[in-house]
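Engineer: Right, I'll just put the structure down here and ask away after.
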Ligand code: ADP
Ligand code: MG
């Protein structure tokens, strides 16, 4: 009898040890729906702490809230915590790396074109010229990538095996699948239906897409998207519909996705050739799909961009 009880206890413990506990949640944060899926003993705790982290980052860096760090910076306050200053420094370094195509002080222009409040309009050239001289911080092009990275750091401190966080379509992976098979990340198809193609990757990484289809308005047959070309002060029109960046660093992935969208195919390819930390997938206005040679894209026809 004792032996049976011991065997049952052993079986129970083994099952307890091997059963992959997982938890999932949908939250609304950073003006978008986010889906969190986490596996591991601490999955429930990790969902709660990750949700809280994302919400804190949202209010901390919000461009619209008066009590955010961003608002304080826009009032000229420069007394930042070491962690906040580190993000600002990293953002400035990415601005320099992209020749200013990624530029986090364009909020006056976003407001002028009506993007934050969705009250869209085409402004006059003199209004654009005036707004170009204003330097109003806005971390909207990098916050979700930074948040994904911070979330991965948080998960590494918990008993979590792996996770996949979809932050408004921007994906952060953490850890690896038990059988070692890669994560399969779908790239959104503009025509709806299934994803355009699949990115395969292992371990912790970010897959981030910027596109003209996300937020835009149309007037007189012209599509005006929410990504501004800092050289003109107007919505970017570089011949691309979307750019997806795959990178181990979330902040870099997010900043580059925005920058490459502004730069267009040719200049983006040049930037990729002089870099070694990211891969990219481009969809052009005329329907071409191109991927850099390390992008691991499958499930669609595409042209390969080689070094
Ligand atoms: P999303 O936020 O939709 O994922 P992006 O990461 O490309 O897309 O960021 C776009 C947002 O960044 C805009 O809504 C605006 O707040 C801001 N922004 C617009 N143009 C630029 C730019 N050239 N560089 C940096 N930020 C920008
Ligand atoms: Mg971005």
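Engineer: Can you list residue pairs whose Cβ atoms sit under 6 Å apart, with the first residue in the range 77-105 being farther than 13 Å from residue 146 by Cα and the second being in a loop (DSSP other than H, G, I, E, B) and away from ligand 2 (no atom under 16 Å from the Cβ)? Count only pairs 6 or more apart in sequence or on different chains.
Structural biologist: Every condition considered, the pairs that remain are 105/135.
Engineer: Ok, one more. Quickly run through the range 110-119 and pick out the residues that are surrounded by 16 or more Cβ atoms within 10 Å (Cβ to Cβ) and either away from ligand 1 (no atom under 12 Å from the Cβ) or outside any loop (DSSP other than H, G, I, E, B) (or both).
Structural biologist: 110, 111, 112
Engineer: Of the conditions (1) modelled with pLDDT of 95 or more; (2) within 24 Å of residue 66 (Cα to Cα); (3) in contact with a helix residue (DSSP H, G or I) (Cβ under 9 Å, 6 or more places away or on another chain); (4) within 14 Å of ligand 1 (Cβ to nearest atom), residue 128 satisfies every one except a single condition; which number is it?
Structural biologist: Residue 128 satisfies every listed condition except (2).
Engineer: Pull up the range 234-250, narrow it to residues that are surrounded by fewer than 24 Cβ atoms within 10 Å (Cβ to Cβ) and farther than 29 Å from residue 129 by Cβ, then point me to the one that is farthest from ligand 2 (Cβ to nearest atom).
Structural biologist: Taking the candidates together, the pick is 248.
Quick grid of which residues meet (1) in a loop (DSSP other than H, G, I, E, B); (2) in contact with a strand residue (DSSP E or B) (Cβ under 8 Å, 6 or more places away or on another chain):
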{"site": "207", "(1), (2)": "no, yes"}
{"site": "210", "(1), (2)": "no, yes"}
{"site": "214", "(1), (2)": "yes, yes"}
{"site": "217", "(1), (2)": "no, yes"}
{"site": "223", "(1), (2)": "no, yes"}
{"site": "232", "(1), (2)": "yes, no"}
{"site": "241", "(1), (2)": "no, yes"}
{"site": "245", "(1), (2)": "no, yes"}
{"site": "252", "(1), (2)": "no, yes"}
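Engineer: Something else about it: Scan the range 193-200 and tell me whether some residue there is outside any helix (DSSP H, G or I), modelled with pLDDT under 95 and within 14 Å of ligand 1 (Cβ to nearest atom).
Structural biologist: No, because not a single residue in the range 193-200 is outside any helix (DSSP H, G or I), modelled with pLDDT under 95 and within 14 Å of ligand 1 (Cβ to nearest atom).
Engineer: What number goes with the only condition from (1) surrounded by 15 or more Cβ atoms within 10 Å (Cβ to Cβ); (2) free of Cβ contacts under 8 Å to residues at least 12 places away in the same chain that residue 157 does not pass?
Structural biologist: Failed condition: (1).
Engineer: Right, something else. Taking the condition closer than 18 Å to residue 34 by Cβ, out of contact with any strand residue (DSSP E or B) (no Cβ under 6 Å at 6 or more places or on another chain) and in contact (Cβ under 8 Å) with a residue 12 or more places away in the chain, does residue 162 pass? Working first, answer last.
Structural biologist: Working: closer than 18 Å to residue 34 by Cβ: yes; out of contact with any strand residue (DSSP E or B) (no Cβ under 6 Å at 6 or more places or on another chain): no; in contact (Cβ under 8 Å) with a residue 12 or more places away in the chain: yes.
Against the criterion (closer than 18 Å to residue 34 by Cβ, out of contact with any strand residue (DSSP E or B) (no Cβ under 6 Å at 6 or more places or on another chain) and in contact (Cβ under 8 Å) with a residue 12 or more places away in the chain), residue 162 does not qualify.
Engineer: Return the residues of the range 217-231 that are free of Cβ contacts under 8 Å to residues at least 24 places away in the same chain and away from ligand 2 (no atom under 15 Å from the Cβ); say none if nothing qualifies. Reasoning before the result, please.
Structural biologist: At the first step, the residues of the range 217-231 found to be free of Cβ contacts under 8 Å to residues at least 24 places away in the same chain are 218, 220-223, 225.
Those that are free of Cβ contacts under 8 Å to residues at least 24 places away in the same chain and away from ligand 2 (no atom under 15 Å from the Cβ): 218, 220, 221, 222, 223.
Engineer: Continuing with the same structure: Residue check: is residue 71 surrounded by 13 or more Cβ atoms within 10 Å (Cβ to Cβ), closer than 25 Å to residue 34 by Cα and at pLDDT 95 or above?
Structural biologist: Yes; evaluated as a whole, the condition is true for this residue.
The values are calculated or read from the model by the stated rules, or taken from the named source; none is laboratory data. In this text the structure is predicted, and so the values were computed from the model without any measurement. Note: ideal-geometry Cβ built from the backbone for every residue, glycine included; neighbour counts use all protein chains shown.
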